[in-house]
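The numbers here are math on the coordinates, done by the rules we state, and not lab data. Being a predicted model, the structure only gives us computed values, none of them experimental. Please note: Cβ atoms are built from the backbone with ideal geometry, for glycine as well, and neighbour counts cover all protein chains shown.
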Amino acid sequence: MLHRKALFVVILLSAVVIFFVQCLTSNPSNGNDPRGRFFAGANSCITCHKDIASSYLHTNHYKTSGETTHDGLKNFINASNNKVYYEDSALVILEEKTSRFYQTYKMYGNVLRSEPLDIAIGSAEKAQTYAYWKNEQLFQLPLTFFASRQAWTNSPGYPPRMPYFNRVILSRCFECHASYVKKTDFQTGPLEMSEKLASSSLIFGIDCERCHGPATSHVEFHQQNPNATEAKFITVIKTLNRQRQLDICAACHSGNDLDIQRSLFAFKPGDTLANFYFPHFGNGGSEPDVHGKQMQLLQASKCFQQSKMTCSSCHNTHQAEEDKLEIFIASCNACHPSPNHKMQVATSGKNCIDCHMPLQVSRSLDFNNGKERRSIPYLLRTHRIAVYPGGKE
């Protein structure tokens, strides 16, 4: 009798072990992705998509947020002025302490405040700003690195008279600068609410599943069917209709001044973006700003209105494209192989992009250099394709 009971216990334990092993091996992320069991995690993509994954690491989408590294920051700090001055002898200096970099507020030589550069937001192609963790909240630091000037400036919208350390970075910011972060609302006053962010849940950058959707079922299927050539249980962007393709990009490239009904972390490719906004997804006004309003600007272009173009007609999101105008000029030539002013372009040295999508000053991001209160223009390329003053038809 005892022998039979022992045998039963052994069989039961074996079954339990097998069950858990199967669970662990069947879920590529082992349940570790903070978004839930339907998400496999970007590392699961590398086995089958090694070249694309390797290329994507160098894109601005991937680098739009991340933990700071000592060597990366040292390159910026050594290459530029590491101080910004304010009024009354106040200044903020970038300094290294115990193998970490800090932004330190000093007045008359006395240290009034010093906070670490914990995370970076922005790819640093144009600019990169920084934040520090405190009590499960993120706060933006006073200095931002301005790439075109290779210098540090007062962070956008910050007052020029004194350094500011108390702007809270909310989860809404990460809806376009990260792939996920878990937030918890808490009350800060009778009619005031704020958020706490779980640092361990933060998935930096825009990862594969943010644009292609949850991939656990996709990975499981192709691991079990290695000879299958048709992608299963994943969103193949080109199979979506034009508006659904545009919605994927518009989720982040339509600005952050629109009222949302649901977190954009809940948006999946194939969803209707208009259902996430309240009362509806607008056109950004008569003059959309060049920062963050790329979709509205593109939609105002005759090129867009008179064609079936989407963002991917010109952009390959898997490759780094900054400072490669020839990529975009080739896209123009694909539709306009013989422009009326072909000879003028050849003799003037000008190109399609600089004439028809010129750099313009953003009105929504206000940089200044502190004490001098001098505004620093933030130039971004407009996505409204048009004929501009000085251009040729």
In the list [x] 24.7; [y] 29.0; [z] 30.2, the entry giving mean projected area of the Cα convex hull in nm² computed from the coordinates is [y]
By Cβ neighbour count within 10 Å, fewest first, Asp354, Asp259 rank Asp259, Asp354
Residues Glu115, Glu230, Glu96 in order from fewest to most other beta-carbon atoms within 10 Å are Glu230, Glu96, Glu115
Express in nm, to one decimal, how much length is gained between Thr229 and Leu91 on full extension, taking 0.36 nm for each residue of separation and deducting their alpha carbon distance. 43.7 nm
Work through the residues other than Thr310 whose Cβ is under 12 Å from its Cβ and net out their charges, Lys, Arg +1 and Asp, Glu -1. +3
Distance cut-off 20 Å, Cα to Cα: go down the list Lys126/Lys308; Lys232/Lys268; Lys134/Lys196; Lys106/Lys196; Lys182/Lys268 and report the pairs above it. Lys126/Lys308; Lys106/Lys196
Cα gyration tensor category, rounded, prolate or oblate, for the range 315-393 with a/c compared to 1.5: prolate
Rounded to the nearest 0.05, FRET efficiency between His315 and Arg262 (Cβ-Cβ, R0 25 Å) equals 0.40
Sorted by Cβ density within 10 Å, fewest first, the residues Asp71, Asp271, Asp33: Asp71, Asp271, Asp33
Simple SL model, points at 7 angstrom along Cα→Cβ for Ser375 and Phe186; separation in nm is 3.9 nm
Can you grab the distance from the C-alpha centre of the range 132-167 to the C-alpha centre of the range 200-262, Å, no decimals? 32 Å
Say R0 is 56 Å: what FRET efficiency, to the nearest 0.05, do Ile46 and Gln344 get from their beta-carbon distance? 0.75
Determine which residues of the range 184-215 fall in the zone a paramagnetic label at Thr69 would reach in this model, i.e. backbone nitrogen under 16 Å from the point 7 Å along Cα→Cβ. 204-205
Estimated inter-spin distance, Glu287 and Asn333, nm [label 7 Å along Cα→Cβ]: 3.5 nm
Here the relative contact order (percent) of the chain, from C-alpha pairs under 8 Å and at least 6 apart, is 15 percent
For Gln137, net neighbour charge (Lys/Arg +1, Asp/Glu -1) across residues whose Cβ lies under 9 Å away: 0
